[in-house]
Amino acid sequence: MRTSRRLIFVFGMLVMVGNCVGPGDCFAESFNLSDGQTVYVPVYSHIYVVRGHTFDLGICLSIRNTDPTHPITILSANYHDTEGNLVRGYVERPIELKPLASTDFFVSELDTAGGLGASFLVKWKSTSKVNEPIVEGVMAGTRSGQGISFVSRGKAIKDSSRK
């Protein structure tokens, strides 16, 4: 009996390790340094629920400077609709985020202009190479005593450090 449990454990570990295709897939991520990026963040002004009915969601775009010693500057945070058209910009002038500071921008759940395929494009820069910030969309909504919330992580689509 003990031998079969060990074999099951070893087999399970081999399956888990076998699913690790590349570095960072199963172990801690390595961190990247950059002096600026454009980050794409998928967000949702609503989702479909039972029988195609929609559930409206508020969106909070959260930008967190993860560098403990250097500030970053947020140059723009532009909200786009499903078709890729600019709905509105949220940064009138550059915003400096001190080390470990954060900022956020809110889209009301009553504002459905973005649609199901909405997104934010966030541009940031720094005067030195810093830890990449965490840029996320946090969606939440409530209706009739029911609530839903989830997070969507941004992905860098352009890095000014890699020309």
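Listing for the model above:
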item: When residues of the range 99-115 are limited to those that are under 18 Å from the mean Cα position of the chain (by Cα) and β-branched (Val, Ile, Thr), the one most open to solvent (accessible area, probe 1.4 Å); result: 103
item: Count - residues of the range 133-159 that are over 21 Å from residue 79 (Cα atoms), in contact with a strand residue (DSSP E or B) (Cβ under 9 Å, 6 or more places away or on another chain) and not basic (Lys, Arg); result: 4
item: Residue count for the range 51-71, restricted to those that are buried (at least 17 other Cβ atoms within 10 Å of the Cβ) and at positive phi; result: 0
item: Selection count, the range 116-133, where residues are open to solvent by 50 Å² or more (accessible area, probe 1.4 Å) and of a type in the set (Val, Ile, Thr); result: 1
item: Unmet criterion (only one of (1) small (Gly, Ala, Ser); (2) under 13 Å from residue 36 (Cα atoms); (3) in contact with a Lys or Arg (Cβ under 9 Å, 6 or more places away or on another chain); (4) open to solvent by 40 Å² or more (accessible area, probe 1.4 Å)) for residue 161; result: (4)
item: Hits in the range 134-158 (condition: small (Gly, Ala, Ser) and open to solvent by less than 100 Å² (accessible area, probe 1.4 Å)); result: 137, 140, 141, 145, 147, 149, 152, 154, 156
item: Selection from the range 31-40 of residues that are open to solvent by 60 Å² or more (accessible area, probe 1.4 Å) and part of a strand (DSSP E or B); result: 33, 40
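The values are calculated or read from the model by the stated rules, or taken from the named source; none is laboratory data. Note that the coordinates shown come from a computational prediction; the quantities given were computed from them, not determined experimentally. Counting neighbours? That spans all protein chains shown, and the Cβs are built from the backbone with ideal geometry, glycine included. We work out accessible area using only protein heavy atoms, side chains counted, and drop any ligands, DNA or RNA first. Shrake-Rupley method; radii C 1.70, N 1.55, O 1.52, S 1.80 Å.
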